Amino acid sequence: MSDRVVFEAAEDGVGTVTLNRPDKLNAMDQGVFDGLHDATDRARQAIDAGTVRAVLVRAEGRAFSSGLDVSLFGQQASGDTPADDWIAYLQQAFTGLEDLPVPVVAAIRGVAFGAGCQLALAAHMRLAAPDAEIALLEAKWALVPDLGGLTRLPRVVGLGRAADMSMTARRVDAATALAWGLVDRVLPAEDFDEASRAFVAELAAGPTVAIGAVPGLLRRSYRAQREDMLAAERQHQQACLASADFVEAATAAMQRRPPAFTGR
């Protein structure tokens with residue numbers, strides 16, 4: 001287990017994945033990727049146990065992540081693992097979070113550069129502090145974004161803006177990121193951590209059977225034929241209609257009270 005990433009599960013159903021290298025602006029070395037794999041496994045176990053219903057991805061210190069630690073380049077050059085397998089392992093650290101069957105939300109304070117940007121893109125939603133700055137800097141290293149950036153970014157901001165960010169290493173501030181849809185909300189700086197967590201706690205308190213199905217259905221919509229996608233929507237809707245949360249939503253509406261969802 002790596003101490004560079006910390007996973008915690010709280011009683012309100014929020015699981016928190018925290019990058020924990022604040023002295024290095026949360027630059028991602030091998031230990032961070034190993035830690036993300038471990039944190040994702042622990043989150044999935046907690047989800048299966050019913051104790052986590054939404055996940056917050058955040059970072060200690062003043063930066064979400066400055067990107068890859070340069071030590072990774074030397075490690076790959078001197079290692080025995082084929083480059084394709086090694087990059088696939090790094091990619092899976094992000095894809096594993098994206099594939100969790102509950103809402104995953106990234107909270108971005110300060111810079112989210114390179115791998116940090118690509119980690120944030122793997123989340124289903126992104127919250128930003130006013131000082132957030134997001135960029136893909138790989139072009140400055142004569143590289144391409146290979147951790148899902150070229151897969152996810154065009155779907156979030158469109159081809160033109162994705163090309164701009166990927167080819168020019170443009171740094172996007174919080175206001176522009178919000179206008180582009182690169183982040184979903186900009187929260188006040190003074191209580192950013194508390195507000196981010198409260199947002200995720202609200203998702204965790206929602207109807208998990210329904211909300212948890214949405215990210216997977218949205219991803220599937222990019223590659224599915226229309227008829228297949230409609231069939232998948234029908235399948236998941238039947239599960240929602242059979243859930244205790246749906247019964248509670250209907251009952252609460254008739255009784256004119258807030259619903260108390262249990263995630264079942």
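Figures for the structure shown
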{"quantity": "Relative contact order of segment 107-230, defined on C-alpha pairs under 8 angstrom at six or more residues apart (%)", "calculated": "25"}
{"quantity": "Å² per residue, accessible surface of the chain at 1.4 Å", "calculated": "49"}
{"quantity": "Expected 222 nm ellipticity per residue - DSSP helices of 4 or more, -39500 (n - 2.57), all of the chain, to 500", "calculated": "-15000 deg cm²/dmol"}
{"quantity": "14 Å cut-off, amide nitrogen to a point 7 angstrom out along ARG170 Cα→Cβ, residues in segment 137-163", "calculated": "137, 154, 157-163"}
{"quantity": "Modelled FRET efficiency - R0 51 Å, ASP38 with ARG256, Cβ distances, 0.05 increments", "calculated": "0.65"}
{"quantity": "Kirkwood hydrodynamic radius over Cα pairs of segment 144-264, then Stokes diffusion coefficient at 37 °C and 0.692 mPa s, in µm²/s", "calculated": "187"}
{"quantity": "Stretch gain in nm, segment ARG185-VAL214, where the contour uses 0.36 nm per residue and the Cα spacing is subtracted", "calculated": "8.6 nm"}
{"quantity": "Linear extension gain, ASP84 paired with TRP141, 0.36 nm per residue minus alpha-carbon span", "calculated": "18.7 nm"}
{"quantity": "Unit charges at the beta carbon, dipole of segment 130-233: most positive-side option, GLY181, VAL156, GLY212", "calculated": "VAL156"}
{"quantity": "Distance (nanometres) between label positions extended 7 Å along Cα→Cβ at THR51 and ALA244", "calculated": "1.8"}
{"quantity": "DSSP bridge orientation in the chain - percent antiparallel, rounded to nearest 5", "calculated": "25"}
{"quantity": "Relative packing of 252-264, 52-64, which averages over residues the other C-beta atoms within 10 Å, highest first", "calculated": "52-64, 252-264"}
{"quantity": "Among 158-171, 88-101, the order from most to least packed when residues are scored by Cβ within 10 Å on average", "calculated": "88-101, 158-171"}
{"quantity": "Share of carbon and sulfur in the accessible heavy-atom surface of the chain [1.4 Å probe, %]", "calculated": "53"}
{"quantity": "Net length gained if the chain between ASP228 and GLU60 were fully extended (0.36 nm per residue, minus Cα distance)", "calculated": "56.3 nm"}
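The values are calculated or read from the model by the stated rules, or taken from the named source; none is laboratory data. If you're wondering where the values come from, they're calculated on a predicted model, not measured in any experiment. Counting neighbours? That spans all protein chains shown, and the Cβs are built from the backbone with ideal geometry, glycine included. Ligands, DNA and RNA are excluded from the accessible area calculation, which covers all protein heavy atoms including side chains. Shrake-Rupley method; radii C 1.70, N 1.55, O 1.52, S 1.80 Å.
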